[in-house]
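Peer 1: Got a structure for you, written out below as structure tokens; questions coming shortly.
The values are calculated or read from the model by the stated rules, or taken from the named source; none is laboratory data. Note that this is a predicted model, so its numbers are computed, not measured. In this analysis, Cβ positions are derived from the backbone assuming ideal geometry, glycine residues included, and neighbour counts consider all displayed protein chains. Surface accessibility is based on the protein's heavy atoms, side chains included, excluding ligands, DNA and RNA. Shrake-Rupley method; radii C 1.70, N 1.55, O 1.52, S 1.80 Å.
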Amino acid sequence: MKFAKANEFKFRETRDMKITIKNLGAIKQAEFTLGELTIICGGNNTGKTYATYALFGFLSFWRNAFSIKVPDGEVRCLLNEGSVDLDIQDYIGNAQSILKKGCAAFTEQLPHVFASSDKHFSESHFSVDLDSSDIQPIPTFERTMGAAKTQLFSISKKADSALVTVSLLVEKEKVRISQDIISQIIGDALKDIVFGRLFPHPFIASAERTGAAIFRKELNFARNRLLEEMSSMEKDINPLELLSKVYTDYALPVQSNVDFTRQLERHAKKDSFIAKKHPEILGDFADIIGGDYLVTKNDDLYYVPKGKRIKLTMDESSSAVRSLLDIGFYLRHVAAPGDLLMVDEPELNLHPENQRRVARLFARLVNVGIKVFITTHSDYILKELNTLIMLNQGEERLKALAERERYKASEMLKSDKIKAYIAEEALIKLDGAKKKGRYQTLVQANIDSRLGIEARSFDTTIEEMNRIQEEIVWGGDA
């Protein structure tokens with residue numbers, strides 16, 4: 001089956017998209033809200049990656065495996081009458097219930113997202129809360145559905161109209177797909193119309209991305225397994241069942257990295273909006289890795305150091321070059337306005353100077369319309385982000401300082417664009433509990449336009465190291 005879309009829409013800013021997780025990995029209960037830049041920091045085994053993978057899994061599940069239920073009568077009307085009109089306001093009015101069902105269905109898929117045993121998620125919970133006033137349909141929509149090079153029906157919505165019209169493009173006798181599949185396709189379109197502005201398209205760079213870069217041709221298990229499953233099915237494909245069968249051995253974000261690196265040649269044929277409108281960002285990225293990536297017609301991948309006439313394979317390249325591979329291809333070939341770029345530990349294998357550069361790269365992406373979500377152990381990244389916040393106060397003295405230190409106006413950050421959280425144990429009240437207790441959670445960090453982000457998890461360690469070194473140098477009486 002093939003789909004054709006004639007419209008594109010941008011991610012719409014919401015006032016408060018809150019994610020709630022419970023009994024997920026180390027995290028007992030936590031809430032966090034997406035910002036233009038979202039940061040989770042904290043120690044090892046504190047739940048940062050669990051929160052990240054859960055959010056990525058939900059956004060992927062929502063886009064690819066969840067569909068709004070369309071009444072059977074509407075599908076029968078389409079097949080009997082040749083067209084049917086659906087009032088989008090009926091679905092907007094039911095949006096909160098639809099979202100709740102989607103979150104419940106995703107919660108059941110958590111074991112497959114994390115490639116772990118069901119028993120580890122028996123008491124887990126994941127939910128997304130949106131303000132009802134933010135749930136507004138996109139103004140226009142156009143999609144056609146076809147099979148075997150034949151267009152079967154179209155789904156459209158005109159500007160300033162509350163009706164979604166579904167029309168057959170062939171005689172009903174030629175529609176040889178089941179009513180369940182038709183219902184799913186229409187439900188997917190309704191989902192995009194109602195929620196399309198609210199949930200960004202996610203792209204994730206997992207902490208395992210370096211290995212995927214080296215073994216990208218060998219690690220093509222996702223495609224092979226998917227093809228095997230599809231070829232063995234004699235009935236309509238259920239996306240939920242397919243999702244659970246495909247992602248059993250590796251966590252979904254790792255699978256996503258592998259799938260992306262496997263198909264670099266295909267991705268390389270396209271140019272992202274950054275390549276078209278903000279090529280200077282790609283120049284900055286090239287400075288970070290000290291060269292460029294190259295994919296040949298034979299699907300061979302090389303790293304070409306700047307100013308040198310050599311081509312290095314990923315095996316021969318530095319770990320820093322490998323760790324930034326998928327991010328580099330995403331920026332050059334895939335990125336679209338409104339995306340959510342998620343990076344687990346962006347500091348992997350990077351020198352402190354390049355960690356600072358990556359922080360500035362993230363700021364530039366935020367300022368051109370890409371949301372960024374990171375988990376980090378890097379004090380360098382956090383301090384550089386703080387610098388970008390603190391320099392952005394409009395004072396002439398700070399402008400002169402920024403110019404002297406070669407900071408660009410496009411790198412400055414507004415503090416209200418950032419949400420930061422510390423994964424740590426804190427005194428919280430669980431749902432239904434009468435008293436507070438100490439549990440692992442996400443504590444929102446204070447962010448000040450003059451002082452930046454308060455990250456206690458780093459500050460405590462740094463202060464302890466400074467204290468010890470001062471005593472070594474100056475003695476106990478210092």
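Peer 1: Here's a check for you: in region 371-395, which residue that is free of Cβ contacts under 8 Å to residues at least 60 places away in the same chain and in a loop (DSSP other than H, G, I, E, B) is nearest to LYS48 (Cα to Cα)?
Peer 2: Looking at the filtered set, the residue picked out is SER378.
Peer 1: Of the residues that make up region 318-331, is at least one assigned to a helix (DSSP H, G or I), basic (Lys, Arg) and in contact with a helix residue (DSSP H, G or I) (Cβ under 8 Å, 6 or more places away or on another chain)?
Peer 2: Yes: region 318-331 contains one or more residues that are assigned to a helix (DSSP H, G or I), basic (Lys, Arg) and in contact with a helix residue (DSSP H, G or I) (Cβ under 8 Å, 6 or more places away or on another chain).
Peer 1: Is there a residue being out of contact with any Ser or Thr (no Cβ under 7 Å at 6 or more places or on another chain), open to solvent by less than 30 Å² (accessible area, probe 1.4 Å), in contact (Cβ under 8 Å) with a residue 60 or more places away in the chain and closer than 20 Å to MET390 by Cβ anywhere in region 461-470?
Peer 2: Taking every residue of region 461-470 in turn, none turns out to be out of contact with any Ser or Thr (no Cβ under 7 Å at 6 or more places or on another chain), open to solvent by less than 30 Å² (accessible area, probe 1.4 Å), in contact (Cβ under 8 Å) with a residue 60 or more places away in the chain and closer than 20 Å to MET390 by Cβ.
Peer 1: Shifting gears a bit: What are the pairs, 6+ residues apart or on separate chains, where a residue within region 160-185 that is without any contact (Cβ under 8 Å) to a residue 24 or more places away in the chain has its Cβ under 8 Å from a residue that is assigned to a loop (DSSP other than H, G, I, E, B) and open to solvent by less than 40 Å² (accessible area, probe 1.4 Å)?
Peer 2: none
Peer 1: Given the criteria within 25 Å of ILE370 (Cα to Cα) and over 25 Å from the mean Cα position of the chain (by Cα), does GLY291 qualify?
Peer 2: In short, yes.
Peer 1: Looking at ASP326 and the list (1) farther than 21 Å from GLU345 by Cβ; (2) touching a residue at least 12 places away in the same chain (Cβ under 8 Å), which single condition is not satisfied?
Peer 2: (1)
Peer 1: Another question about this same structure. Within region 100-114, is there a residue that is within 24 Å of the chain's Cα centre (by Cα) and exposed (fewer than 13 other Cβ atoms within 10 Å of the Cβ)?
Peer 2: There is at least one residue in region 100-114 that is within 24 Å of the chain's Cα centre (by Cα) and exposed (fewer than 13 other Cβ atoms within 10 Å of the Cβ).
Peer 1: Considering only residues that are in a strand (DSSP E or B) and open to solvent by 40 Å² or more (accessible area, probe 1.4 Å), look in region 294-303 and name the one that is nearest to THR210 (Cα to Cα).
Peer 2: By that ranking, first place goes to TYR302.
Peer 1: Out of region 400-436, which residues are assigned to a loop (DSSP other than H, G, I, E, B), without any contact (Cβ under 8 Å) to a residue 60 or more places away in the chain, more than 24 Å from LYS28 (Cα to Cα) and among the aliphatic types (A, V, I, L, M)?
Peer 2: MET412, the sole residue that qualifies.
Peer 1: Only one of GLU171, GLU218 is at pLDDT below 80 and out of contact with any helix residue (DSSP H, G or I) (no Cβ under 6 Å at 6 or more places or on another chain). Can you tell me which?
Peer 2: GLU218
Peer 1: To continue, here is another question. Looking only at residues that are touching a helix residue (DSSP H, G or I) at 6+ places or on another chain (Cβ under 9 Å), in a loop (DSSP other than H, G, I, E, B) and among the small types (Gly, Ala, Ser) in region 437-478, which one is modelled with the highest pLDDT?
Peer 2: Taking the candidates together, the pick is ALA445.
Peer 1: Quick one: count up the residues across region 431-443 that are out of contact with any Gly (no Cβ under 7 Å at 6 or more places or on another chain) and surrounded by 15 or more Cβ atoms within 10 Å (Cβ to Cβ).
Peer 2: 4
Peer 1: Follow-up. Can you pull out the helices (runs of 4 or more DSSP H) entirely within region 42-144 that have at least 1 residues that are among the aromatic types (Phe, Trp, Tyr), out of contact with any strand residue (DSSP E or B) (no Cβ under 8 Å at 6 or more places or on another chain) and within 24 Å of LEU168 (Cα to Cα)?
Peer 2: Counting at least 1 such residues, we get 88-93.
Peer 1: While we're looking at this one, here's another question. When region 336-390 is examined, which residues are found to be aliphatic (A, V, I, L, M) and open to solvent by 20 Å² or more (accessible area, probe 1.4 Å)?
Peer 2: Hits for region 336-390 are ALA336, LEU348, VAL368, MET390.
Peer 1: If you don't mind, another one. Need the failing condition index for LYS269 against (1) farther than 30 Å from LEU198 by Cα; (2) open to solvent by 40 Å² or more (accessible area, probe 1.4 Å), just the number.
Peer 2: Among (1) farther than 30 Å from LEU198 by Cα; (2) open to solvent by 40 Å² or more (accessible area, probe 1.4 Å), LYS269 violates only (1).
Peer 1: Return yes or no: is LEU252 within 22 Å of the chain's Cα centre (by Cα), modelled with pLDDT under 60 and surrounded by 15 or more Cβ atoms within 10 Å (Cβ to Cβ)?
Peer 2: no
Peer 1: For region 46-58, indicate whether the set of residues that are over 11 Å from THR441 (Cα atoms), among the polar types (S, T, N, Q), surrounded by fewer than 22 Cβ atoms within 10 Å (Cβ to Cβ) and modelled with pLDDT under 95 is non-empty.
Peer 2: The answer is no, given that none of the residues of region 46-58 is over 11 Å from THR441 (Cα atoms), among the polar types (S, T, N, Q), surrounded by fewer than 22 Cβ atoms within 10 Å (Cβ to Cβ) and modelled with pLDDT under 95.
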